[in-house]
Amino acid sequence: MRDVFAMNSDQLLVFTIARIPRAIALVLTGAGLSVAGFIMQQLSQNKFVSPTTAGSLEAAKMGILFSILLIPQASMGIKSLAALLFTLAANLLFMLMVRRVRFRSSVFIPLVGIMFGNILAAVSTFFAFKHGIVQNVQEWMIGDFSSVLQGQYESIYLILPAVVLAYIYADQFTIVGMGASFAKNLGISYTAIVNLGLFAVSLTVSVSVVTAGAIPFLGLIVPNMVSMMMGDNLRRTLPMTALAGSIFLLFCDILGRTIIFPYEIPIGLMVGVIGGIIFLFLILRRNR
Amino acid sequence: MIRFEQITKTYGKRLVLDNISCSLPKGKITSLIGPNGAGKSTLLSTISRLLDADQGKIYLDDICLDDYKSEDLAKRLSILRQSNHIDLRLTVRDLVAFGRFPYSKGRLTAEDQAQIDKAIHFAQLEDMAHSYIDELSGGQRQRAFIAMIIAQDTDYILLDEPLNNLDMKHAVLVMKTLRRLVDELGKTVVIVIHEINFASQYSDYIIAMKDGKIVYNDETDQVVQAHTLKEVFGIDFDIISKNGKNICNYFNIET
Amino acid sequence: MKQQNKIIVLVLLMGTIIALFMLYNTGPNLDYVIPRRAVRLATILLVGVSVAYSSLIFQTITNNKILTPAIMGYESVFILFQTVIVFIYGDKTFQVITHQDNFFYAVLLMMAFSFLMYILIFGKSKQNIYHLLLLGLVLGALFQTFGQFLQIVIDPNEFSVIQGFMFVSFNKINTDLLLIAGATLLGALLFGQRYLKYLDVIALGREHAVNLGLNYNKLVKIYMLLISLLVSVSTALVGPVTFLGILVTNLTYELFQTRKHHYMVWLCSGIACVALLLGQFLVEHIFNFSTTVSIVVNFVGGLYFMYLMLKTRKAI
């Protein structure tokens, strides 16, 4: 703590234009993506659904790609908007599939989601290849907070209303997840709530991909681990889910920056590895 | 005869079958009854090798199940579970033909064809033999699967809740078919069944299970008694005797 | 149309497209063009049969029409391996490691990867093929992330080498490799032939298969071995074609009513070859190599997949 107060002006500058935005972005992204995963799991009533396993990340990537191809000098705002539109469309389509198709095993829903993501990626690749920017497109798929600077990250604050929305409507998301007739019976508008939930998810995913890049598994493992430890009482677990997501992401960021200091491992990779291992553990545990 | 000794099975920490031993008589219908979670289906799956027991041995005509080759066992013992949602475009006859697989390995001989026709006839499915199974009603489909088991021509036939989701007409048809399998063809049938009156009317023996243990194992009329059923199911029964068979009423009983 | 007529149409279509592929716009240098096209044709046939065969078996044992073995992460392993090599050796890659060595190592790695998964899942007492899928999926995603990380930091010139591996190409085939891959495929097909009849029964699901006397667990292991061999060889030969499998198997189910795997594998293989030849023909003569056949196939296959998902009324 004493170091913080003893900083010279250069350090202070680094602190305010780089460190503080980075910390805020990490906290918000961590909380936002975890809550987004939570909402998707409630809506689909499937523990394995998340932005990673429903094609949302690929849709956001596709949105950015098209905004760049159409408007070469696209600003962050335009990119975010394009990403938001594509993510929302993809999420709506995915939910439509989940609702219309009867699945014999709950495992198939994430499998279909991943296939869906692969399709979107294939379409993106088709255009990226034509324009020779395959490598650049890959770059958006790895979350990296090192380029988060003051003046370029502010759209991340949009996650805040999404999280608040999730908290207010948490119960209704669960009810809607039980099915349209179940929701109707309780006097809740199915379509409105589903769309609201998907909008919150799409907003979170798109701003986080535009600001930092894709962060896999976060929305998958954090809600699952919280529910394993604390059960499924939404009012209690939702704040914990947000908090745990932030802490997990901060932890991964610090780890990524220290392991090969002075270089840094992008957080998308760190989370991918740690999250992937945790997810494997979750599957194998269920297997037993 | 099917005999099992000291069968134990756990799911996680839950003990589903608790060290049970019993034998199932040949040439009879034996019904397994009991409340949900008593272990009936698990026992049936264990006997039919769909599930491995943690401990214990099962003997079919005094030879341990483990000592049978799987393809030989398929000619002696068949099992039909309740989950039969098959997403294939097969006709009833195609499906019944699968019952001959243990014998012909997919190349149907004239004898196989005869057996298939016989099975379809036995299950009274002639008029829908060329219908596709995904276009049948639930009851018709269930009878088609039973015809497949008949074509398999095994001495022992195990069925897990064969009446599940069937209307009364199809339920009676299925039970009558099973009865004829025993009476006319000398098969041994073991079923898991929930509706106590079907068990009472059509089976020779009843095994009542509770909490992974066998609590009663006797002739049908001995088990279908007010005090025994109360012990098994925890509700009151009123037993009515009609044409030499017991009928249970368990609705609106004053206590 | 009757079954028989459909088969005749398929055969005619295949003949036509092969002729077109070989003879269209050859130019004067017949001696040069024809042998090269013949090699490409052989490769396409080989890949088509491998993909059709492995996808069909995979869908039957998973009882699911919308999956391909690609979902198990083989392609990520392949891409990661190629990325690592290029990452280490840069543009000197092909001086250090020959195409043959590369091919063998890639096949070995993919096979090792599948064995690892089988041990992890089937080693436990309770076997569940769905968990195998999820495991493959997660490991695949993990390798993909690794690969993407390396691809970002790599020099853009060297990236073009990786890009060559990422997209299927039938243009740079080594004839030695083609022979080896062909022999492997032939061996796998001969070996698999006697197991095909069991697939008809396995399509009914595990419980019916066990009831009808099949050693289900052993058979599934044999099929998974066959699948991993076929997928590894075809991926190492030309690169990944993710959606081809879904496209051709479902076309087979739609067009032909048969459920006999003895016939289905050949019909499906025929459709796969036609699809690939058509794609390659388009790439060569319409798109003038501005795109690759895998991108075209994934594009069309992906759209078809979406169509399947949204129109299906049955449980999957």
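The values are calculated or read from the model by the stated rules, or taken from the named source; none is laboratory data. Only a predicted model underlies this, so the values are computations on that prediction, with no experimental measurement involved. Quick reminder, even Gly has a Cβ in these numbers, built from the backbone with ideal geometry, and neighbours come from all protein chains shown. Ligands, DNA and RNA are stripped out before the accessible areas are found, and what is left, the full protein with its side chains, is counted by its heavy atoms. Shrake-Rupley method; radii C 1.70, N 1.55, O 1.52, S 1.80 Å.
Can you work out the base-10 log of I(q)/I(0) for chain B at q = 0.10, 0.15, 0.17 1/Å, using the Debye formula on its C-alpha atoms alone? Evaluating at q = 0.10, 0.15, 0.17 Å⁻¹ gives log10 I(q)/I(0) of -0.50, -1.10, -1.34. Which whole-number percentage describes the relative contact order of chain A, with Cα contacts under 8 Å and a sequence gap of 6 or more? In percent, rounded to a whole number, it is 32.
Scaling against 2.2 N^0.38 Å puts the C-alpha radius of gyration of the protein assembly as shown at 1.06. Both radii are taken from the alpha-carbon atoms of region B:2-121; with Rh as the Kirkwood radius, Rg/Rh is 1.02. Over what distance in Å are the Cα centres of region B:1-31 and region C:1-65 separated? When both Cα centres are located, 55 Å separates them. Taken over the Cα atoms of region A:183-288, the convex hull encloses 129 Å³ per residue.
Note on region C:169-316: the C-alpha convex hull projects to 10.1 nm² when averaged across all orientations.
Available extension along the chain between B:Arg107 and B:Phe251 is 46.6 nm, counting 0.36 nm per residue and deducting the alpha carbon span. Of A:Val273, A:Val226, the residue with the largest accessible area leads and the full order is A:Val273, A:Val226 (1.4 Å probe). Please give the total accessible area that chains B and C bury against each other, computed with a 1.4 Å probe and expressed in Å² to the nearest 100. Buried: approximately 2100 Å² between C and B. Evaluated at q = 0.10, 0.13, 0.17 Å⁻¹, a Debye calculation over the C-alpha positions of region A:2-287 (equal weights, vacuum) places log10 I(q)/I(0) at -0.51, -0.86, -1.42. If eta is 1.567 mPa s and T is 4 °C, what Stokes-Einstein diffusion coefficient results for region C:1-73, Kirkwood Rh from Cα pairs, in µm²/s? So the translational diffusion coefficient is about 87 µm²/s. Share of carbon and sulfur in the accessible area of the protein assembly as shown stands at 59%, probe radius 1.4 Å. Surface exposure of region C:3-307, expressed per residue as accessible area with a 1.4 Å probe, stands at 39 Å².
When you work out D = kT/(6 pi eta Rh) for region B:2-58 at 25 °C and 0.890 mPa s, using the Kirkwood radius from C-alpha pairs as Rh and the Stokes-Einstein form, the result is 210 µm²/s. Within the full protein context, the accessible area of A:Ile254 is estimated at about 100 Å² for a probe radius of 1.4 Å. Charge tally for B:Lys187 (other residues, Cβ to Cβ under 10 Å; Lys, Arg +1; Asp, Glu -1): -1. Relative contact order for chain B: 25 percent, from Cα pairs under 8 Å spaced at least 6 residues apart, divided by residue count. Can you give the net charge of the other residues whose Cβ lies under 14 Å from the Cβ of C:Val86, counting K and R as +1 and D and E as -1? My count for the surroundings of C:Val86 gives -2.
Residues of region C:243-271 whose accessible area, computed with a 1.4 Å probe over protein heavy atoms, drops by at least 50 Å² once all protein chains are present relative to their chain alone are C:Phe243, C:Gln257, C:Arg259.
Chain A contacts chain C over a buried accessible area of about 4900 Å², both sides summed; the probe is 1.4 Å and only protein chains count. Averaged per residue, region A:2-287 has 41 square angstrom of accessible surface, using a 1.4 angstrom probe with ligands and nucleic acids left out. Placing B:Arg143, C:Arg206 in order of accessible area, with the largest value first and a 1.4 Å probe, yields C:Arg206, B:Arg143. Only DSSP H runs of four or more residues enter the estimate; each adds -39500 (n - 2.57), and after division by the residues of chain B the mean residue ellipticity at 222 nm equals -9500 deg cm²/dmol.
How many percent of Cα pairs in chain C exceed 26 Å? Result for the distance tail: 48 percent.
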